[in-house]
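Participant: The structure's right below; bear with me while I get my questions together.
The values are calculated or read from the model by the stated rules, or taken from the named source; none is laboratory data. Given the structure is predicted, the values throughout are model-derived calculations rather than measurements. When we count neighbours, we look across all protein chains shown, and the Cβ atoms used for this are built from the backbone with ideal geometry, even at glycine.
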Amino acid sequence: MADPNAPRPEPQAQAAARPEAERPDNGRPDADAGDLRARIADLEHRYRQALADFDNFRKRMAREAERQRAEERARVAAQLLPVLDNLDRALEHAESDPGAIVEGVRAVRDEAIALLTRLGFPRRSDVGEPFDPARHEAVATVPDVGGRAGTVVHVVRPGYGDDERQLRPAAVVVARGD
C-alpha cells in the first residue's frame, strides 16, 4: 500500500508516465486540439442559437400580451357602448319631459352597475357592516347610535369588487363610541 504521507504526483506527471498508447490523444496533440476547437465552435453556435431563440420567444410573448390587452380593452369598451347609447337617449328626451331625464339617468346607472357586476366588480352595500379598512375608507365619524360603534352608518361613495379583487373601497361614515 502507498504511503499516505508521500507527495502525490501531479496529473501532468501521471499522464507523461503512461505509455503513449494509453494517452487520450494517442500521441496526436494537434488532432485533439482541432477536435476541441470544433467542439467549442459547435457549443458557441448552440449558445448563440439558444440566446436568439430566447430573445425571439421573449418578443413573441410581449406581442401576445399586448394583443391580449388590446382585445380586453376593446371587449370592455364594447360593453360600455349601451351605457353611452342610453345616456344619449336620455339627453334627447330631456327637453320634452324633464322627469324623463331622471328616469333615464337611473336606467343608465343600473346598466353601468350591471356591467361592473358582469366584469367581476359588484357594487357593495356596506351599511350596517363592521368597518374594515381593507374594504372601506372612513371619510367621517358620527356619534354612536344604538350600540353600533365601529359600524358603517352611511355610504358616501359605494365600493366595487369582492373580497379577492377590489376596484375601489367604499367611502363611508362610521359610528364612533363616545
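Participant: Could you tell me how many of the residues in the stretch 100-157 are assigned to a loop (DSSP other than H, G, I, E, B), among the aliphatic types (A, V, I, L, M) and closer than 11 Å to residue 169 by Cβ?
Facilitator: Within the stretch 100-157, residues that are assigned to a loop (DSSP other than H, G, I, E, B), among the aliphatic types (A, V, I, L, M) and closer than 11 Å to residue 169 by Cβ number 1.
Participant: Contact list please: Cβ distance under 8 Å, first residue in the stretch 157-178 and at positive phi, second residue surrounded by 11 or more Cβ atoms within 10 Å (Cβ to Cβ), pairs at least six apart or on different chains.
Facilitator: Listed pairs, sorted by first residue: 161/120; 161/121; 161/122; 161/124; 161/167; 161/168.
Participant: Which condition breaks for residue 134 when tested against (1) within 30 Å of residue 177 (Cα to Cα); (2) of a type in the set (A, V, I, L, M); (3) not assigned by TED's automatic domain parsing to the domain that holds residue 171?
Facilitator: Of (1) within 30 Å of residue 177 (Cα to Cα); (2) of a type in the set (A, V, I, L, M); (3) not assigned by TED's automatic domain parsing to the domain that holds residue 171, only one is false for residue 134: (3).
Participant: For the stretch 81-99: of the residues being of a type in the set (Gly, Ala, Ser) and in contact with a helix residue (DSSP H, G or I) (Cβ under 8 Å, 6 or more places away or on another chain), which is nearest to residue 175 (Cα to Cα)?
Facilitator: 90
Participant: Quick one: which of 149, 175 is surrounded by 17 or more Cβ atoms within 10 Å (Cβ to Cβ), of a type in the set (Gly, Ala, Ser) and farther than 30 Å from residue 72 by Cα?
Facilitator: 175
Participant: Let me ask something else. Going through the stretch 60-93 one residue at a time, which ones are small (Gly, Ala, Ser) and exposed (fewer than 11 other Cβ atoms within 10 Å of the Cβ)?
Facilitator: 62, 65, 70, 74, 77, 78
Participant: Continuing with the same structure: Against the condition in contact with a strand residue (DSSP E or B) (Cβ under 8 Å, 6 or more places away or on another chain), loosely packed, with under 15 Cβ neighbours inside 10 Å and among the β-branched types (Val, Ile, Thr), how does residue 127 come out, does it pass?
Facilitator: Taking the combined requirement at face value, the residue satisfies it.
Participant: Just give me the residues in the stretch 158-178 being under 27 Å from residue 112 (Cα atoms), among the charged types (D, E, K, R) and not in a strand (DSSP E or B), in sequence order.
Facilitator: Within the stretch 158-178, 162, 163, 164, 165 qualify.
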